[in-house]
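Asks: After the structure tokens below, expect a handful of questions from me.
The values are calculated or read from the model by the stated rules, or taken from the named source; none is laboratory data. Please read these numbers as outputs of a predicted model, since none were measured by experiment. For neighbour counting, all protein chains shown are included, and Cβ atoms are generated from backbone atoms with ideal geometry for every residue, glycine included. The accessibility values were calculated without ligands, DNA or RNA, using every heavy atom of the protein model including side chains. Shrake-Rupley method; radii C 1.70, N 1.55, O 1.52, S 1.80 Å.
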Amino acid sequence: MSDSPRILYCHCNYAQVVPEETKHSVLKKLSDSGAAFDAVADLCEMAARKDPMLRQIAEGGNVKIAACYPRAVKWIFGGAGCALKQSSTQVLNMRTEETEEIAATLLDGELVPNLPADKDGSKPAPHELPN
Amino acid sequence: MSALTEQPTLRILFYEGEGSTPLEPAKRYDAMTALLENGYAVTRTGSGKVAGHERGPLLVLGRFDSGNPPVDNVDQDQASLRFQDVSELGPSEILAKAESTRDETGSVKPGEWKPWFPVIDYDRCTNCMQCLSFCLFNVYGVDEENRIQAQNHDNCKTNCPACSRVCPEAAIMFPKYKSGPINGDVVTAADMGQEKMKVDISALLGGDVYAALRSRTTQAQERFSKERDEKQALNERQKCLTKLAQNADIPKEVLLSLPSPDEILRKAEEAKARGAAALARQNQMKNA
Ligand code: SF4
Ligand code: SF4
């Protein structure tokens, strides 16, 4: 097992808010890299379904997520009862960041946590804890 | 709780670990793209034991050595595990295999619902229940701790961000919305013209979106019954709706699909009562 952060890529399949070019280039670089990764069609849908994979990810240690705004991703997971840990999550925003940078960061094996800090420091609120 | 949380989903695994030969990069990318664009979640794995899928079948794709699937390397019960050697399959055949496995296993068909619903930023939310009191479609509810929650996600009206504009704390996001802070971008001091957004709606509608809609529609109805001029009544309603649509960015289709004025009134009162009850319970809990 390597210590590299797990990689999760969201294809934002049901909206046009992530530029097509960015999505496809990031996916291609991930796919060609030989790295293990999870690619999901739509993280929002998985949250509405409370897909058990979200818990596996939230509880699985370091993770880098290529999706959209970190605040949105934080609460997409939080709202599904699977709070991401602030210290072990880095979100890359495919709506605003450059393709090359996203792909390179996803694959560099380093983690730079960047979720917005919790209101009361680092303690999750009761609703964020697993059911 | 909605059925969304119960339905089985099909998950796909590209197995490229021990006992298999990795796919050609172009084929892997094309197949993954086809699967994602058709709503499937896909994992590419290398070495080590692979975690299974807890809510539905897992279809494991790969170029298995001597055609033997890596049964022991996947942590999933046999009944919901399927293997497919893809040595001879192109991307469209791989997608077809996923579709037939989905049908065969009774898994949900992706893409039938556009995942559009409010996501609450609990770092900002003060649990004031305004969103619960506002929503006519029962999207909101409260948890055991009496905290506001989005519950019936698939009741939400696609592309309608109206409740985010009634939240006094800019705590409601729609991640697929076009602009910030509703899309999840950082809330700036300028955005706390959230106040302003609210005032704008209030100013526009005299304090209550539904009351305004109701009265305009009722006026239109009266005119209709008096003048028996269906077209004029419809025009009147549309004029009001266009104004609402522009000012609160509510899609016109959503407004046009609203129920009759009586039904709106009933639902709005129900929603208000639910909000008030939740607030009362909250106060009780505080005082207990
Ligand atoms: S998490 Fe963000 S990128 Fe993914 S589907 Fe939702 S809005 Fe799109
Ligand atoms: S209106 Fe905003 S602050 Fe009030 S309960 Fe809803 S999300 Fe929370």
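Asks: To the nearest whole number, what is the average tally of beta carbon atoms from other chains within 10 Å of the beta carbons of peptide B:19-29?
Replies: Average neighbour count from other chains, rounded to a whole number: 2.
Asks: I'd like the Karplus ³J(HN,Hα) series for segment B:179-185: coefficients 6.51, -1.76, 1.60, θ = phi - 60°, whole numbers in Hz, and an x wherever there's a Gly or Pro.
Replies: With the stated coefficients, segment B:179-185 comes to 9, x, x, 5, 7, x, 4 Hz.
Asks: Obtain the nm distance between the two label points defined at residue A:4 and residue B:179 by a simple spin-label model: each point lies 7 Å from its Cα along the Cα-to-C-beta direction.
Replies: 4.0 nm
Asks: From the phi angles alone, apply the Karplus equation (6.51, -1.76, 1.60; θ = phi - 60°) to segment B:10-21 and give each ³J(HN,Hα) in whole Hz, x where the residue is Gly or Pro.
Replies: 8, 10, 10, 10, 8, 8, 10, x, 3, x, 8, 10
Asks: Same structure again: Sort B:15-24, A:68-77, B:76-85, B:164-173 by packing, meaning the average of other beta carbons within 10 Å per residue, with the highest value first.
Replies: Going by the mean number of other Cβ atoms within 10 Å, highest first, we get A:68-77, B:164-173, B:15-24, B:76-85.
Asks: Highest first, please rank the peptides A:11-23, A:80-92 by the mean number of other Cβ atoms sitting within 10 Å of their residues.
Replies: Descending packing order for the listed peptides: A:80-92, A:11-23.
Asks: If I take R0 = 30 Å and measure r between the Cβ atoms of residue B:143 and residue B:257 in this structure, what FRET efficiency does the formula 1/(1 + (r/R0)^6) give, to the nearest 0.05?
Replies: It comes to 0.55.
Asks: While we're here: I want to check the label-to-label distance for residue B:5 and residue A:85. Put each point 7 Å from Cα in the C-beta direction and report it in nm to one decimal.
Replies: The answer from the label model is 2.5 nm.
Asks: With all pairs of different alpha carbon atoms counted, what Kirkwood hydrodynamic radius in Å does chain A show?
Replies: This gives a value of 14.8 Å.
Asks: Follow-up. Can you pull out the buried accessible area for chains B and A, both sides counted, probe 1.4 Å, rounded to the nearest 100 Å²?
Replies: 4300 Å²
Asks: Using the basic label-point model (7 angstrom from Cα toward the beta carbon), what is the residue B:287 to residue B:27 distance in nanometres?
Replies: 7.1 nm
Asks: Over the whole of B:36-48, what's the average partner chain Cβ count within 10 Å per residue? Rounded to a whole number, please.
Replies: Shielding by partners across B:36-48 averages 6.
Asks: Using packing as a proxy for protection, rank B:276-288, B:90-102, B:27-39 so that the peptide with the highest average count of other Cβ atoms within 10 Å comes first.
Replies: B:27-39, B:90-102, B:276-288
Asks: Show the residues, 5+ positions off or on another chain, whose built amide H is closer than 5 Å to the amide H of residue B:10.
Replies: B:108
Asks: Now for a different question. Using amide H atoms built 1.01 Å from N in the peptide plane, name the residues 5+ places from residue A:66, or on other chains, whose amide H lies under 5 Å from its own.
Replies: For residue A:66, whose amide H was placed from the backbone, the distant partners under 5 Å are A:8, A:9, A:10, A:92.
Asks: If I stretch the segment between residue B:190 and residue B:270 completely, what's the gain in nm (0.36 nm per residue apart, minus their alpha carbon distance), one decimal?
Replies: 25.4 nm
Asks: Further, regarding this structure: Counting partner chain Cβ atoms within 10 Å of every residue's Cβ in B:169-176, what's the average?
Replies: Per-residue shielding by partner chains comes out at 5.
Asks: Ok, one more. Each residue of segment B:29-36 in order: what ³J(HN,Hα) in whole Hz does its phi give by Karplus 6.51 cos²θ - 1.76 cosθ + 1.60, θ = phi - 60°, with x for Gly and Pro?
Replies: Along segment B:29-36, the couplings run 5, 5, 5, 4, 4, 4, 5, 5 Hz.
Asks: Between residue A:56 and residue A:24, what FRET efficiency comes out of the Förster formula 1/(1 + (r/R0)^6) with R0 = 22 Å and r the beta carbon distance, rounded to 0.05?
Replies: Here the calculated transfer efficiency is 0.25.
Asks: Moving to a separate point now. Please calculate how many Å² of accessible area segment A:6-113 carries per residue, with a 1.4 Å probe and no DNA, RNA or ligand atoms counted.
Replies: The answer is 32 Å² per residue.
Asks: Cα-Cα over 22 Å: which of B:176/B:252; A:74/B:178; B:114/B:176; B:114/B:252; B:176/B:272?
Replies: In this structure, B:176/B:272 lie more than 22 Å apart at Cα.
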